[in-house]
Amino acid sequence: MYAGHAAVALALKTRDPRVPMVPLVLACYGPDWLETVLGLSRGRGEMSLYTHYLPGLLAGALGAAALYAIVFQRPGGWTILAGWLLHWPADFFTAHKGLLSPTDRIGLDLYNLPLADCVLEASVVLVCCVLYARTFAHSRTQRRWVAAMAVALIVLQALLDIGTAQGEPVWRPSLARREWRTHPHAFPSAAATSSLRMPLALPSPTPTVSERWRSMECEA
Amino acid sequence: MDLAETLLRVLGLARDFSDRARGFAFLLSLPLMVVTIADWRIRRRR
């Protein structure tokens, strides 16, 4: 999920207005930022497995909440923790994320259905902006700023989805498998052994049956 | 960004300072800026 994480931060802000917005948004994107920073040394692709699977997510969330409590010296650590943890369910809709093992990944993979992804994330942004506006935006000017923020987030999301659509994505949702696999007939090994399977195929119809079929065909 | 890259390379930390990694960081910073600026403007007017 992309813009949806920012929307989650807006919704959490309504629950606990004492938490400053910057650390809250950083926490909601926390696993992605951590992946970027750790990726400087080991490669982002590899690090994303460890920052987004459930034990890594929990460790990151606890670290972020502790860091917030130490740096800011104010309440709101639970909100930071919640923001970080909510990254996983949000990403479940749009990609594949690890469970208890980094390679046991599940998800609905909507990034590869760009239109559906855009609709989902725009809906999340709109709902969370309405929640935010009901709590903080009381004047017309404030509501205009909320509307501008919603539009900006949806435009960012749409640009990302347009970019994804250029690459001719293939949708591969997964709810149980360790990894996505092609159908067996696409394996080269299956093609190589196909000749071995041919002798097991049924023989051609007997002359009796063929004769009968031909006669039926004539009657028709 | 070049200064940061040079510094990280000197420290031996930057093995993946590719355009892709930079792009991802830039992508993450955009919603942060949007929400922070909007929140600051809205809450300043309360």
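What to note about this one:
- Residue within the range A:55-77 that is touching a residue at least 60 places away in the same chain (Cβ under 8 Å) and over 18 Å from the mean Cα position of the chain (by Cα) present: yes
- Residue, modelled with the highest pLDDT, within the range A:77-104, restricted to residues that are crowded, with 20+ Cβ neighbours inside 10 Å and outside any helix (DSSP H, G or I): A:Leu86
- Selection of the range A:1-25 for residues being surrounded by fewer than 22 Cβ atoms within 10 Å (Cβ to Cβ) and more than 7 Å from chain B (Cβ to nearest Cβ) yields A:Ala11, A:Thr14, A:Arg15, A:Asp16, A:Pro17, A:Arg18, A:Pro20, A:Pro23.
- Candidates A:Leu40, A:Leu54: the one that is within 14 Å of chain B (Cβ to nearest Cβ) and either within 22 Å of A:Val22 (Cβ to Cβ) or surrounded by 16 or more Cβ atoms within 10 Å (Cβ to Cβ) (or both) is A:Leu40.
- Condition met for A:Ala59 (in the same structural domain as A:Ala82 (by TED's automatic domain parsing) and crowded, with 16+ Cβ neighbours inside 10 Å): no
- All of (1) modelled with pLDDT of 65 or more; (2) at the interface with chain A (Cβ under 7 Å from one of its Cβ atoms) hold for B:Leu13 with one exception: (1).
- A:Tyr111 vs. criteria in a helix (DSSP H, G or I) and at pLDDT below 95: yes
- Every residue from the range A:144-161 that is more than 18 Å from A:Val8 (Cα to Cα) and either facing another protein chain (nearest Cβ under 9 Å) or crowded, with 19+ Cβ neighbours inside 10 Å (or both): A:Leu160, A:Asp161
- Neighbours by Cβ (under 9 Å, 6+ apart or cross-chain): first from the range A:14-38, assigned by TED's automatic domain parsing to the domain that holds A:Cys128 and under 21 Å from A:Val146 (Cα atoms); second in a loop (DSSP other than H, G, I, E, B) and basic (Lys, Arg): A:Arg18/A:Arg74; A:Val19/A:Arg74; A:Pro20/A:Arg74
The values are calculated or read from the model by the stated rules, or taken from the named source; none is laboratory data. What you see is a predicted model; the values in this text were computed from it and never measured. For neighbour counting, all protein chains shown are included, and Cβ atoms are generated from backbone atoms with ideal geometry for every residue, glycine included.
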